[in-house]
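One structure is given below, encoded as structure tokens.
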Amino acid sequence: LKKPDNLFSPLSFQNEINEVPFFDVQLPYELALKIFQYLGKNELGKCAQVSRTWKVLAEDEVLWYRLCQQEGYLLDTSISDRSCWKLALKNCRARERTLKTNWKNRIGAVSQLGYELGKVLCDVHSCDGVVIAGYTSGEVRLWDARTWDYTAPILEPVHGPGEAGPQPHVSFVRINSSLAVAAYEDGTISVWNLMFGREPIHHYQHNQRIQALALGSQGATVATASGFEVKVESPNDKGVWQTTGTFEIQKLVNFLHLVPDVLGSPVVVAAAEDIVYLLKAEDPGKILHSVYGQPVTCLDVSAREAAFGVKTLGWVLNEPNQILLYNLETSQCLKKLGNSIGDFTCVNLHNSPPNMLVAGNKDRRVRVFDLRKSESLCSLYAHQFGVSAVQMDDWKIVSGGEEGLVCVWDQRMGTKLWEMHSRHPVRHLWFNSHSLITANIPDEKPPRGASSMDEDLTSHRKHRGVIYAYEFSVDQLAVESVLPICRSSYDEVTGYNYNLGLAVPYDHI
């Protein structure tokens, strides 16, 4: 037997003196429970049919609490929070099956995160259902898509509204569980704490335009690239923000990521044309990869690895475009994945299941790779003008294209489940078990129809971009769960074979 855990200490049980008939011997209750902890759900169900004593043992709360934790349900609860953990596990599994069915059949509700006239969408990012968006007016807004009665508070800029001249456009926005960051066209970076109101807690300035912005998935670390300089800012032990590191590089940065789950000083991975840098405070300017004439087309970073697409001159060197996987600890190339003619435009390593990677390509295909192999597991013909965003989990793939199409795929079957279309390219895509957030951001930033005196106000609506929030945990049978303004009152039109209750405002006035 393994070393006893805290859950199975003798102090946890009240009937320690009772003995359980175990074949031809009598075992103490806690020792019999030690044996039963190695059984799964099906085995416990069979043991519960042996006798009344075994039924009491097989339905012990500690056993089912442990099974619930092992399957990833209710991780933030203690054993005393529920009276029947067997029923809790059953309800969690039933909810998971319902969510999977709703995803496949497109059952749920969708809401459009709108904004005022005269503002064109510049950049969007999200974290756990909280969405941040920046506009050409210089405004930065937040939405909490986890609630139906959400509002869109405006994060105040550093300069006051009374200053002369228009505010600069927002170039990049990023958000995590505690911070929100925005970079403006004039080189200003503002940092807000989501718990301390709308005023920024820190800001700093670059002399040139910012090419890339990165925010750590956890903690408070911001990295920016401007010109040939990469700067890392983070607070010290007293909460005072300071420059952790400044790095001079040879070329302009295209992609910038902070390595997650790093203890100590932050680690930055930067892709500047055909060079990939690994930037640490104690070892600045280390080159992770460099091949002249082979620019990096996309980049993503996990805790230990970095994956990026490399564009090669295949018709000259007889070498196709590939995705390279590097180990960040040893700086060694682990794998060369794919052999595509088109450029890899997006790659997702951090949010993919273990040993998996998904990438999108200009050849309009989405490819799933097993990192233990070199060839792709499946290749999906997805979009008309190339893939711009992609994410996967253990059973589905969601991809966005340059033509504005969002597709949901069944990974095992390799079939498209459903799709949604909007006017502009999909630049941001994020989902979890019950929700999906997509952002269609226009390439042309000058606002059209910005003035309220314009005759054609619909022209601006076509060109300003849009953010959609999908919720698949909504039960359509329980109509009270959705607000009336978020339900469509008309019947499905001819040829529309989906069951999604679209959020059409003003159906009920």
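The range 386-425: which trypsin sites (Lys or Arg not before Pro) are DSSP loop and have at most 14 other beta-carbon atoms within 10 angstrom? Mind dumping the intermediate values first?
Numbers: sites: Lys396, Arg412, Lys416, Arg423; in loops: Arg412, Arg423.
Here the sparse-neighbourhood loop sites are Arg412, Arg423.
If you roll a 1.4 angstrom probe over the protein chains with everything in place, what fraction of the accessible area of the range 29-102 belongs to carbon and sulfur, to the nearest %? Write down the numbers at each step before the final one.
Working: 2260 of 4360 Å².
Carbon-and-sulfur percentage of accessible area, whole number: 52.
Suppose R0 equals 56 Å; then what is the FRET efficiency for Arg423 and Glu19 from their Cβ-Cβ distance, rounded to the nearest 0.05? Here the calculated transfer efficiency is 0.20.
With both labels modelled 7 Å from their Cα along Cα-to-Cβ, the Asn351 to Leu87 distance reads 3.6 nm.
Could I get the Rg over Rh figure for the range 29-102? Both from C-alpha atoms, Rh via Kirkwood, rounded to two places. The partial results should precede the final answer.
Values: Rg = 13.0 Å, Rh = 13.0 Å.
Checking Rg against Rh, the ratio lands at 1.00.
Hey, got a sec? Which chymotrypsin sites (Phe, Trp or Tyr not before Pro) in the range 331-395 land in a DSSP loop and have at most 15 other Cβ atoms within 10 Å? Don't jump to the answer; show the numbers that get you there.
Numbers: sites: Phe344, Phe369, Tyr381, Phe385, Trp395; in loops: Phe385, Trp395.
Counting only loop positions with at most 15 other Cβ atoms within 10 Å, the chymotrypsin sites (Phe, Trp or Tyr not before Pro) in the range 331-395 are Phe385, Trp395.
Within the assembled protein chains, the solvent-accessible surface assigned to Arg95 is about 130 Å², based on a 1.4 Å probe. On a per residue basis, the range 29-102 carries 59 Å² of accessible surface, using protein heavy atoms and a 1.4 Å probe. Could you tell me the relative contact order of the range 29-102? Use alpha-carbon pairs under 8 Å, at least six residues apart, and round to a whole percent. With pairs under 8 Å counted, the relative contact order is 23 percent.
Each label was represented as a point 7 Å from its Cα along the Cα-to-Cβ direction; for Lys286 and Asn432 these points are 3.4 nm apart. By accessible area, using a 1.4 Å probe on protein heavy atoms only, the range 203-339 has 47% of its surface on carbon and sulfur. With the simple model of a label 7 Å out from the Cα in the direction of the Cβ, Ile201 to Arg52 spans 6.0 nm. With protein chains left intact and a 1.4 Å probe, residues in the range 131-262 average 46 Å² of accessible area per residue. FRET efficiency for the Leu313 to Asp410 pair, using the beta carbon distance and R₀ = 30 Å, is estimated at 0.25.
Per residue, how many Å² of accessible area does the range 321-391 show with a 1.4 Å probe? Each step should come with its number before you reach the end.
Working: 3130 Å² over 71 residues.
Heavy-atom SASA per residue in the range 321-391 reads 44 Å².
Of the GluC sites (Glu not before Pro) in the range 273-338, which ones lie in a loop per DSSP and count no more than 12 other C-beta atoms within 10 Å?
Details: sites: Glu273, Glu282, Glu305, Glu329; in loops: Glu273, Glu282, Glu329.
Hits after loop and neighbour filter: Glu282, Glu329.
The values are calculated or read from the model by the stated rules, or taken from the named source; none is laboratory data. Small disclaimer: the values here were computed from a predicted structure and weren't measured. Ideal geometry is used to build each Cβ from the backbone, glycine not excepted, and the neighbour counts take in all protein chains shown. Quick note on the areas: whole protein, heavy atoms, side chains included, nothing else; ligands and nucleic acids left out. Shrake-Rupley method; radii C 1.70, N 1.55, O 1.52, S 1.80 Å.
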